[in-house]
Amino acid sequence: MADWEVIIGLEIHAELLTESKVFCGCNTEFGGEPNSQVCPVCMGLPGALPVLNRQAVELAIKAGLALNCTINGTSQFDRKHYFYPDLPKAYQISQNDRPLCSHGMVELSVGDRKRQIGIQRVHLEEEAGKSVHVGDSIISSEYSLLDYNRSGIALVEIVTEPDIRSAEEARLFLEKLKTLLEYTEVSDCKMEEGSLRCDANISLRPKGSSAYGVKTEIKNLNSFRAVQRALEFEADRQRRLLQAKEVVLPETRHWDEAKGMTFSMRSKAKAADYRYMPDPNLYPLQVDEAWIESIRQNLPELPDAKRDRFINDYDLPPYDADVLTTSRHLADYFEACVQEVDEPKLVSNWVMGEVLRWLKAHELEIESSPVAPKELGGLLKLIQEDVVSTIVAKDVLSEMFATGKSAVEIVDEKGWRQISDADSLEAIIDGVIAENPGPVADFQKGKTKAIGFLVGQVMKASKGQANPQKANEMLRQKLQK
Amino acid sequence: MFSSMTISQLRTLLRAREVSAEEVVISVFDQIDKVEGDIEAYVTLCRSEALVQAKRADALLKEGNAPDLCGIPIAIKDNISTAGLKTTCASRILDDYVPPFDATVVTKLKEAGVVIVGKTNLDEFALGSSTENSQFHVTRNPWDRSRVPGGSSGGSAAAVAAGEAIAALGSDTGGSIRQPAAFCGIVGLKPTYGLVSRYGLIPAAPSLDHVGPLTRDVRDAALVLQAIAGWDGKDPTSVQKELPNYEAVLSEDITGLVVGLPKELLDNELDPEAKEAIFGVANVLESLGARVEAISLPHAEYAMASFYLIASAEISSSLACFDGVRLGKRYGEAKDTTSMFMKTRGQLGIEAKRRILVGTAILQEDNYTTYFVKAQKVRTKIREDFQQAFGRCDVILSPTTPTPAFTLGHKLDRPVIMYKSDVYTSLANLAGIPALSVPCGYTEGGLPLGMQIMGKPFDEATVLKVGHLYEQQTASERRLPQKEVKANG
Amino acid sequence: MELSLKEMEELALIARLYLTEEEKKILPQQISSILDMVHSLETVDTEDVEPTIYPITGSGVLREDEILPSLAVKDALANGPDIVDGYFRVPRIIEEEYES
């Protein structure tokens, strides 16, 4: 098994978050009535001409900068020709020889190792329309229906160098890429809506060899998990073929999520010739240094920098910093909360724990959390001030999620304030001592563990409102007298 | 009658309310009723809509603030998109296509108040030099019905020459405005690339395609150009420039202006009568104060090859969209998309297929550099030739075509010979420079000859001025084709 | 370049063009002669010459990211040869090359 090295390269398509399409003014909003967001340009009606959207260029440059690319001052739009009913002009406007961005790099943490994945290019292109297949699948359906609402939406294609060495690395890379594109607000990266898509190239070679083996391309990867599973399957398939001295065919393979396997779609023996040519309608795209610089200046803090800052400024463990910076909104939530409660680790525990758990259970994103950072801060302050115990606080948070009320309101309404004053506690403790002569005797004989049982009884009698630390102290004092 | 007048003559009459736009339109349709059976210049006629537009024009004229071309009946080549009006490119694939938008030039003409007479015939998708590649019908030359009107804007040229429109719009990829203008004894202008919007022109080869006017005289060409020129945010190759008043500059004189005569375009292959005519023009221009100098365009002989290779590559790409999915007619039963594409596109005429196949071949990775890039590099050499030449002269004079109008059916089977007739005109498309064809005499047989005046980029003013002065100087020699039509018929 | 019938049929498939028997007879020779025009260009020294893609030197215009009205659905569909439920309908989509 250890004899083979896995070589993976990824091609990612991400839809850009522009209001209008890349070459026309049609709305890009998802989910419109079929063929209601189309015009002569994006329907490819003859005579219509493309006019490039400035914001699409800006977002592509942002993506390039986030991926540490060189932004090329001059880039070229080319026509990529193929016939497919979802491609209105029978060519896609893309960038072939001279992409907008090239030579980038993304750093990954794989376990405790750092890995650098090269980015070959980031280029601008247009999205195709959508075909709905009537019937079970594309193969069995007798006809298909075309909707061009997606046609002409701005895309970036991101191509990595073949630097990825395992299926796990591929998944980690995609997670990192998604984080970067979300941070920079280049794309919303919704795989379920198709705004982020990934194809993977994989080949194997004997360890120590520098030549590449025959690669296959895997399509239909609809989630990060699918990418990892498909690549694991495919690496295994190729390894078995090679070990059996059989050949790997250069082909496109389709990932079947349900069966958990890839199968052959078409042979690539004769590589597709897209008959690229420069698009005579579009002059080369000129991007001057000042424009690039202003985009660079306005880039948000990127996840790696943010993570380091969280570790240094807030004294968070690296794990917490990693989790909190996976999404810009999550990091913002955390920081807004720290503004309220100056105890970062406490905030981190609650955000990563209770808050994310609740949101996940309700399929919500952090940015739509019903409990705002300020409100969570209000709750954590009550913990700091011993007004509620951690246990009660969890119930308070549940109520906050359910009702939208503030922590203080809930605590007051429910009478959940923690009992810390000595007079009230003393009455409860005296009652517990009177009712539990056995454990009291045990403790006094030196079985110190019995104190735990007694504190529990105090909590029970106080309906969880007693301050357990205080109760413990007072019990010891009384029993040792 | 009104139908044989120029825009400028009609403009005066219309403004003075000596004639109504309605009367002019009726006069044009009367002429159409008389000759269209012979000429077949049109694919679609818009009689009732034209009358409605004429009445609207009359209302504006009455108010006294009518736009420039108000009430002028104009024909539009049928590869220029007209909203709500069939635009066929003379192709079966598009024979019921109704664009949901107007080409920018059409929008501008409408704003200028014109009345649209109809859509004119062309070689299918503007691919050809005779209009015989129309999939609907052949158009005949009003001077001699056994001859072609030229192409691909043959319908537009024939309509204007035969009095079936006062002026027309055409498109010019390698001479498709100027060659038919020359064959039909009228004026045709291919403007500088980027001066007139291509938005809505159904493309053949986008880096070579232009829209321009076909008119009875140079002044009319200036008037139509004024109406259609200018920056258009919908055409990314459109150029932002201050426009001169093209009509006003016509009256300036040309003393001291240098006219270049390129020796490569006056070689032995040229028809002797055509050559004679050009030297005659040179004499007239000299008599008007211009200086005539011999110049050289050393790479002119490579224009044809460079042009056809580049054009074919671009055409193969432009015509790929006709796949029978979103528009046009689907032909034949098909169980799958590949078969549907092939059967539908199989309806294209042989010239379109020829160009598509050539273009498909040279865009393949293995051929791309040796064919396509080579042709593009030679194009650069041709552009440089012009830059050098225009360092020495203000305009360049040549014949528009090597021969007068040829007979129907003459060259259809020999594409390379047919392509040769584009030698003089395709240069200006490769270089993107303005070029005007003006009638400059007649053959012994009475067929019109045309001269071509090429100018510096965006210097339409000088080109028009030279053409206009020549025209004024030789006005007494101008003939009308209608007489010939009658004489023959 | 002498184009064989087979080579031309391959091109026709790539370009998705059905050819009639008569076209198959005459086109290979005609296409070859057009492609051969390139030989006349071989004598031109184009070393270090940039190819001309655009006839004039222009700079691309950029559009601001503003939503403009789309076509009304009925206008978008008006020219479609086969419309079903607001969609353009096509027969089974295949990617494999066509076998005739």
Legend entry - the range B:315-381: GluC sites (Glu not before Pro) in DSSP loop, at most 10 other beta carbons within 10 Å: B:333
Legend entry - Set of aspartates and glutamates with alpha-carbon distance to residue B:263 below 15 Å, sequence-local pairs under 8 removed: B:271, B:276, B:293, B:301, B:385
Legend entry - FRET efficiency, 1/(1 + (r/R0)^6) with R0 60 Å, evaluated for residue A:240 and residue B:301 via beta carbons: 0.40
Inset, instruction - Taking the Cβ of each residue in A:172, B:348, B:169 as the centre, tally the other Cβ atoms inside 10 Å and list the residues starting with the fewest. - result: A:172, B:348, B:169
Inset, instruction - Fewest Cβ neighbours within 10 Å first, please rank B:44, A:403, B:192 accordingly. - result: A:403, B:44, B:192
Inset, instruction - Beyond 28 Å between alpha-carbons counts as too far, so tell me which of B:77/B:234; B:241/B:381; A:414/A:445; B:190/C:25; B:77/B:420 fall in that bin. - result: A:414/A:445; B:190/C:25
Inset, instruction - Using amide H atoms built 1.01 Å from N in the peptide plane, name the residues 5+ places from residue A:213, or on other chains, whose amide H lies under 5 Å from its own. - result: A:204
Legend entry - Spatial extent of the range A:4-291: Rg and Dmax, with the Cα atoms as the point set, Å: 19.3, 57
Legend entry - Cα pair distances of the protein assembly as shown binned at 20 Å [whole percent]: 11, 35, 27, 15, 7, 3, 1
Legend entry - Residues B:231, A:4 arranged by fewest to most Cβ contacts within 10 Å: B:231, A:4
Inset, instruction - Once you have a ≥ b ≥ c as the square roots of the Cα gyration tensor eigenvalues for the range A:212-321, tell me rounded if a/c is under 1.5, and otherwise prolate or oblate according to whether a/b is larger than b/c. - result: oblate
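Please compute the net charge surrounding residue A:134, taking Lys and Arg as +1 and Asp and Glu as -1 over other residues with Cβ under 9 Å from its Cβ.
0
Restricting the count to DSSP beta bridges whose residues both fall in the protein assembly as shown, what percent are antiparallel, rounded to a multiple of 5? Before the final figure, lay out each step's value.
Numbers: 94 of 116 bridges.
In the protein assembly as shown, approximately 80 percent of DSSP beta bridges are antiparallel ones.
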Legend entry - Evaluated at q = 0.14, 0.21, 0.23, 0.24 Å⁻¹: base-10 log I(q)/I(0), Debye formula over Cα of the range A:422-480: -0.30, -0.69, -0.83, -0.91
Legend entry - Shape category assigned to the range B:39-182 from the gyration tensor of Cα positions, a/c cut at 1.5: prolate
Inset, instruction - Quick one: which residues, 5+ away or cross-chain, put their amide H under 5 Å from the amide H of residue A:219? H built at 1.01 Å from N. - result: A:253, A:254, A:255
Inset, instruction - Over the whole of B:327-338, what's the average partner chain Cβ count within 10 Å per residue? Rounded to a whole number, please. - result: 6
Inset, instruction - As a check on your grasp of the helix formula, calculate [θ] at 222 nm for chain A: sum -39500 (n - 2.57) over DSSP H runs of n ≥ 4, divide by the residue count, round to the nearest 500. - result: -12000 deg cm²/dmol
Inset, instruction - Take every residue in peptide C:20-27, count the Cβ atoms of other chains within 10 Å of its Cβ, and give the average of those counts. - result: 2
Legend entry - Cleavage-rule hits (GluC sites (Glu not before Pro)) in the range A:292-360: DSSP loop, at most 15 neighbouring Cβ within 10 angstrom: A:301
Inset, instruction - Kindly provide the trypsin sites (Lys or Arg not before Pro) of the range B:443-482 that DSSP labels as loop, not H, G, I, E or B, and whose Cβ sees at most 15 other Cβ atoms within 10 Å. - result: B:478, B:479
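Across peptide B:428-434, how many C-beta atoms of other chains are within 10 Å of each residue C-beta, on average?
2
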Inset, instruction - Quick one: grab Rg to one decimal and Dmax as a whole number for chain A, Cα atoms only, in Å. - result: 29.7, 99
Legend entry - Links that overshoot a 28 Å alpha carbon limit, given the list B:329/B:374; B:86/B:108; A:62/A:207; A:80/B:335; A:215/A:259; B:119/B:456: B:329/B:374; A:62/A:207; B:119/B:456
Inset, instruction - Of the DSSP beta bridges with both residues in the range A:212-298, give the percent that are antiparallel, rounding to the nearest 5. - result: 65
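The numbers here are math on the coordinates, done by the rules we state, and not lab data. Here the structure is a predicted model, which is why all the values come from computation and not from measurement. Virtual Cβ from ideal backbone geometry, glycine too; neighbours counted across all protein chains shown.
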